[in-house]
Amino acid sequence: MSWKNDYDPKLIALVDQIDKQIAPRLAQIDAQIVENEAKVLASFQAHHVAESDLNGTTGYGHNDEGRDKLEAIYAEVLGGEDALVRPQFVSGTHAIGVGLLGLVRPGDEILYITGKPYDTLQEVLGLAGNGVGSPKEYGINVDYVDLLPNGEADLPAIKARLRPATKVVAIQRSRGYATRESFTVAKIQAMIQAVRAVMPDVWIFVDNAYGEFSETKEPLDVGADLMAGSLFKNAGGGYAKTGGYLVGRQDLIQRVSYRFTVPGIGGEEGATGTALRDMYQGFFVSPQTTGNAIKGAIFESALLDALGLTVSPKWDAPRTDLIQTVNFGNPEDMIKFAEAVQRHSPVDSFVTPIPEQMAGYEDQVIMAGGSFIAGSTVEFSGDGPLRPPYTLYMQGGLTFAHVKLAIIGAAQETFFGKQD
Ligand SMILES: *Cc1c(COP(=O)(O)O)cnc(C)c1O
């Protein structure tokens, strides 16, 4: 008996056809995994990672060699000079917030050039929420330039908007909950060149969440100064239990480290406790985990496209992050699909996700996915607001096989009737 016997033969025939169709694309991702893993492995070797580096420290965390080496590895692999990779970052939002706010001083301005920032960053930056502790209270202005209707950065408007007070130009690589496409590293390079043509010395910051290892280059390789991300996403590899990272120019890492802790201490303190082994192992497997998630997204895109749904990106389009969106066109199918994704999770498979009102959203949001690490989205998960065109944002997957099985199962239940 094969698992295939659980599904409608018509669906399985389609899956077999999709497998053939996407095989060359999956082979490209496999090659990319090797490219990225080679960089990581070489860096582990060059920094003489030893068993004792995995153990972590207590107290002040002075002379934490394992922490220092991990930061040197992040910097080397991701194209920076220095890094802060810490379990004390509660999330990617925290690391990104420390990066942005650590760079600026009263009178300065942060300008997002990729439209309105990701939901959680809107509160950090005072664009939403009650404004307590916002940059505005410190005399720091935050603004953004809208994207063009086609989802591209509006380079002429950005150039016109730059002014002497603009200290930081911020770019968000991944689409977040927006309908635009994610920005590839090549597109980020074009934005950086346009900005530098007007303001050569402005600091360019990239929110790199979901981006790490989804291409063979990173934003720092094409001229960004500082970038940050979450260890619940790609770079944590599914192993890191908590944390975030900042990587970039050495002087800027030092500058933001004073916001991370306090002036004087910066990154010199911060015990790693028991976190380092997972952080090392997670970064080591991250190229593979990211690749698995991308392969899963390609399968998902091809299958649901063949079933008549609108998907983005298409299976054969370039990718720069883990996110796959699918429009269901009606709330019933979207909910059914999300419920089935939950049912095919390794953890909490027996739980039914309920659409819920969430802070910062006008519509109810449904969230599906049972992960080993709470809320982790490098593990397979799907979520989205219940409003037309009823888009589910799906991402992650520790193994390709899991994403494949979950998508086939969800397609069966949503479009071929529930099997017993
Ligand atoms: C997930 C995400 C973040 C924040 O990361 P968390 O760890 O969830 O706080 C920031 N920006 C983008 C684009 C994201 O997708």
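The values are calculated or read from the model by the stated rules, or taken from the named source; none is laboratory data. Keep in mind the model is a prediction, meaning the values are calculated, not measured. Glycine gets a Cβ as well: all are built from the backbone with ideal geometry, and neighbour counts include every protein chain shown. When the accessible area is computed, the model is the full protein with side chains, heavy atoms only, and any ligands, DNA or RNA have been set aside. Shrake-Rupley method; radii C 1.70, N 1.55, O 1.52, S 1.80 Å.
Collect the residues in the stretch 389-418 that are more than 28 Å from A23 (Cα to Cα) and in contact with a helix residue (DSSP H, G or I) (Cβ under 9 Å, 6 or more places away or on another chain), keeping them in residue-number order.
Those that are more than 28 Å from A23 (Cα to Cα) and in contact with a helix residue (DSSP H, G or I) (Cβ under 9 Å, 6 or more places away or on another chain): Y390, K418.
Can you tell me which residue among L148, L121, L127, L101 is within 14 Å of the ligand (Cβ to nearest atom), surrounded by fewer than 21 Cβ atoms within 10 Å (Cβ to Cβ) and hydrophobic (A, V, I, L, M, F, W, C)? Before you say what the answer is, go through the steps one by one.
On the way: L148 fails: within 14 Å of the ligand (Cβ to nearest atom); L121 fails: surrounded by fewer than 21 Cβ atoms within 10 Å (Cβ to Cβ); L101 fails: within 14 Å of the ligand (Cβ to nearest atom).
Of the residues listed, the single one that is within 14 Å of the ligand (Cβ to nearest atom), surrounded by fewer than 21 Cβ atoms within 10 Å (Cβ to Cβ) and hydrophobic (A, V, I, L, M, F, W, C) is L127.
Residues of the stretch 159-177 being part of a loop (DSSP other than H, G, I, E, B) and either within 16 Å of the ligand (Cβ to nearest atom) or touching a residue at least 60 places away in the same chain (Cβ under 8 Å) (or both), which ones? Please lay out each step first, then the result.
Let us first name the residues in the stretch 159-177 that are part of a loop (DSSP other than H, G, I, E, B), namely 162-165, 173-177.
Within the stretch 159-177, R173, S174, R175, G176, Y177 meet the criteria.
Would it be correct to say that K187 is in the same structural domain as Q250 (by TED's automatic domain parsing), closer than 24 Å to I253 by Cα and either more than 14 Å from the ligand (Cβ to nearest atom) or not in a helix (DSSP H, G or I) (or both)?
Answer is no for this residue.
Anything in the stretch 360-393 that is away from the ligand (no atom under 13 Å from the Cβ) and of a type in the set (A, V, I, L, M)? List them, or say none.
Scanning the stretch 360-393 gives V365, I366, A368, L386, L392.
Can you tell me which residue is farthest from A83 (Cα to Cα) among those in the stretch 232-264 that are touching a helix residue (DSSP H, G or I) at 6+ places or on another chain (Cβ under 7 Å) and aliphatic (A, V, I, L, M)?
A240
Could you please find all residues in the stretch 117-128 being in contact (Cβ under 8 Å) with a residue 24 or more places away in the chain and part of a loop (DSSP other than H, G, I, E, B)?
Result: P117, Y118, L125, A128.
Hey, can you tell me all the residues within the stretch 54-66 that are under 28 Å from the mean Cα position of the chain (by Cα), open to solvent by less than 10 Å² (accessible area, probe 1.4 Å) and farther than 18 Å from A42 by Cα?
D64
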